[in-house]
Amino acid sequence: MAGLAPGPPVPLRRPGRWVAFALVLFLAAWFGHLVVTNPNFQWPVVGKYLFDRNILRGVLLTIELTVSAMCIGIALGIAFALMRLSDNPLLSLFAQTYIVCFRGTPALVQLIFWFNLAALFPVITLGIPFFGPDFMTVNANALITPFVAANLGLGLCEGAYMAEIVRSGILSVDPGQREAAAAVGMTRAQTMRKVVLPQAQRVIVPPTGNQVIGMLKYTSLASVISVTELLASAELVYTRTFETIPLLIVVSLWYLALTTLLTAGQRLIEQHVGRSHSDAGPKPRREFAAAVGRNLFLTP
């Protein structure tokens, strides 16, 4: 054995991998042929409506609703996460009650509830409760438009999920960071703003990106309350032309394009946020892996 010269490594034979590859390739080719050759898909109609003015208007409204609802959700999530972690038992209980209520009921139910808020409060009055004068009185139907109801329903529901995401990110930071910040004279607010939250971003950003992508698709629920977003815009067309399948394909293609862009942006943000961590972490692993490879294959 000592006189044998080391030879090149022999690759492992993996026949199962090639069988699985051939099976997947066959299924993909069969599905592609089915989609292309089936005339019921009506691809010319898909191309006709893909950049239709009404569809593009629905795409813009979908993006607006996604951005506004996520801004509401992120703001509420940060606030209620801090309340949930507060030493004040009343604030903590209030935040926990909000999270349980809004996370435990379906988003569609909340949308319909806010859309029909005028049944509970026909007139919304702003003023000093109980004894004070009323400063402003607004008709609820005029104030709670379908777009406002969609923002309230989706934003409040999203705030409950974001509160748990932010709370998990804050708890992931080493408690020693807070102690070090207190030792140099920082207040609790300064510690949270300058020490804890920047480090918690590495944990908060990935699930937040997933929530943004989910919110983009959840905006289709707003079609139930007459918000003319992407799906509702397509519905208005195919209820007139009876071209249901091509219009649903148009909607699906737009959702796929938007989610692809959001996924790419999410990856860039994750790389930027976790850059210092990744720069510090993988280098020893790469050196260790290279050393193991040199020892296994007897290379200098």
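The values are calculated or read from the model by the stated rules, or taken from the named source; none is laboratory data. On a predicted model such as this, the values are computed, not experimentally measured, just so you know. Note that we place each Cβ from the backbone using ideal geometry, even for glycine, and neighbour counts take in every protein chain shown. Calculation scope for accessible area: heavy atoms of the full protein, side chains included, ligands and nucleic acids excluded. Shrake-Rupley method; radii C 1.70, N 1.55, O 1.52, S 1.80 Å.
Below are the figures for this structure:
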{"quantity": "Unmet criterion (only one of (1) assigned to a helix (DSSP H, G or I); (2) open to solvent by 60 Å² or more (accessible area, probe 1.4 Å); (3) over 19 Å from Pro207 (Cα atoms)) for Cys71", "calculated": "(3)"}
{"quantity": "Hits in region 176-187 (condition: assigned to a helix (DSSP H, G or I) and surrounded by 13 or more Cβ atoms within 10 Å (Cβ to Cβ))", "calculated": "Gln177, Arg178, Ala180, Ala181, Ala182"}
{"quantity": "Hey, Val237 of a type in the set (Val, Ile, Thr) and part of a helix (DSSP H, G or I) or not", "calculated": "yes"}
{"quantity": "Of the criteria (1) surrounded by fewer than 21 Cβ atoms within 10 Å (Cβ to Cβ); (2) free of Cβ contacts under 8 Å to residues at least 40 places away in the same chain, which one Ile204 fails", "calculated": "(1)"}
{"quantity": "Positions within region 24-54 being of a type in the set (S, T, N, Q) and open to solvent by 60 Å² or more (accessible area, probe 1.4 Å), in sequence order", "calculated": "Thr37, Asn40, Gln42, Asn54"}
{"quantity": "Hits in region 212-221 (condition: of a type outside the set (S, T, N, Q) and open to solvent by less than 20 Å² (accessible area, probe 1.4 Å))", "calculated": "Gly214, Met215, Leu216"}
{"quantity": "Boolean, Ile99 is of a type in the set (A, V, I, L, M, F, W, C) and in contact with a Phe, Trp or Tyr (Cβ under 7 Å, 6 or more places away or on another chain)", "calculated": "yes"}
{"quantity": "Residue match in region 51-58 (condition: in a loop (DSSP other than H, G, I, E, B) and modelled with pLDDT of 90 or more)", "calculated": "yes"}
{"quantity": "Tally, over region 14-50, of residues that are polar (S, T, N, Q), in contact (Cβ under 8 Å) with a residue 12 or more places away in the chain and assigned to a helix (DSSP H, G or I)", "calculated": "1"}
{"quantity": "Extreme residue, modelled with the highest pLDDT, among residues of region 241-277 that are open to solvent by 50 Å² or more (accessible area, probe 1.4 Å) and closer than 20 Å to Val173 by Cβ", "calculated": "Ile269"}
{"quantity": "Residue identified as modelled with pLDDT under 85 and either open to solvent by less than 30 Å² (accessible area, probe 1.4 Å) or in contact with a helix residue (DSSP H, G or I) (Cβ under 7 Å, 6 or more places away or on another chain) (or both) among Gly153, Gly169, Gly132", "calculated": "Gly132"}
{"quantity": "Residues of region 76-93 that turn out to be open to solvent by 60 Å² or more (accessible area, probe 1.4 Å) and more than 13 Å from Ala160 (Cβ to Cβ), as a count", "calculated": "7"}
{"quantity": "Residue, modelled with the highest pLDDT, within region 1-23, restricted to residues that are among the small types (Gly, Ala, Ser) and exposed (fewer than 10 other Cβ atoms within 10 Å of the Cβ)", "calculated": "Gly16"}
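Residues checked against (1) open to solvent by 50 Å² or more (accessible area, probe 1.4 Å); (2) touching a residue at least 60 places away in the same chain (Cβ under 8 Å); (3) farther than 15 Å from Ile63 by Cα; (4) touching a His at 6+ places or on another chain (Cβ under 9 Å):
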site	(1), (2), (3), (4)
Pro198	yes, no, yes, no
Asn210	yes, no, yes, no
Ser226	yes, yes, yes, no
Ser233	no, yes, no, no
